[in-house]
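The block underneath contains the structure these notes are about, expressed in structure tokens.
Any read-out appearing in this document is the output of simple, stated calculations on the displayed coordinates, not a laboratory observation. A quick note: this is a predicted structure, and the numbers were derived from the prediction, not measured. Heads up, the Cβs are rebuilt from the backbone with ideal geometry, glycines too, and the neighbour counts pull from every protein chain shown.
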Amino acid sequence: MSAHSDLAKELFQRGYNCSQAVLAAFCDETGLDFDTAVKISSPFGGGIGKLREVCGTVTGMLMVIGMKYGYTDPKNKEAKTEHYELVQNLAKQFEKDNGSIVCRELLGLSIKNDSPVPEDRNESYYKKRPCAELVEQAAKLLDEYIQGNKME
């Protein structure tokens, strides 16, 4: 794996949600301080507040991409297009590797909106969820992209 993917998995296993674990693992790349990173990404765990929509690992991954490669001029259509292409390519790669970018599909859940109460993190939780591995894999995918684009 990589230093970022190891850290992302460790953060998830310490109790941070999937989005927090990915974004916070890349503070060295984004320039965000740890507390800001975990606050910004806190709503996105559980597929956006346990709504079981887009996987938090994907949203965390895309927040890193936004911080590193995002556009700032809303009128620059070319930059926006290039950025959205990057977003789509990374999301498609995650989907190709995992079958979906949707939390409930990745977890095999039939419910769309889950209870807002977080589940206790215990051995049983980690055994029945692929989240730690998804966090690790998203961070690895990011590292591969970043390493291949060190033209800053």
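The aspartates and glutamates within cross-link reach of LYS77, meaning a Cα-to-Cα straight distance under 14 Å and a gap of 8 or more places when in the same chain, are GLU85.
Just add up the charged neighbours of PHE44: K/R +1, D/E -1, any other residue whose Cβ is under 13 Å from the Cβ of PHE44. In short, +2.
Under 14 Å from a label point set 7 Å out along the Cα-to-Cβ vector of ASP97, the amide N atoms of segment 117-152 belong to 131-148.
Considering helices alone, the calculated mean residue ellipticity of the chain at 222 nm is -19500 deg cm²/dmol, with DSSP H runs of length four and up weighted by -39500 (n - 2.57) and normalised per residue. Report the relative contact order of the chain, percent, no decimals, based on alpha-carbon pairs under 8 angstrom and at least 6 residues apart. The value is 31 percent. When only alpha carbons are used to place a centre, segment 1-49 and segment 94-152 end up 12 Å from one another.
Filter the cross-link list LYS50/LYS92; LYS92/LYS140; LYS9/LYS127; LYS68/LYS150; LYS9/LYS128; LYS50/LYS140 down to pairs whose alpha-carbon distance in this structure exceeds 18 Å. Too far apart for the 18 Å limit: LYS50/LYS92; LYS50/LYS140. For the chain, modelled as a GNM whose springs connect Cα atoms under 10 angstrom apart, the maximal fluctuation among LEU23, LEU62, LEU106 occurs at LEU106.
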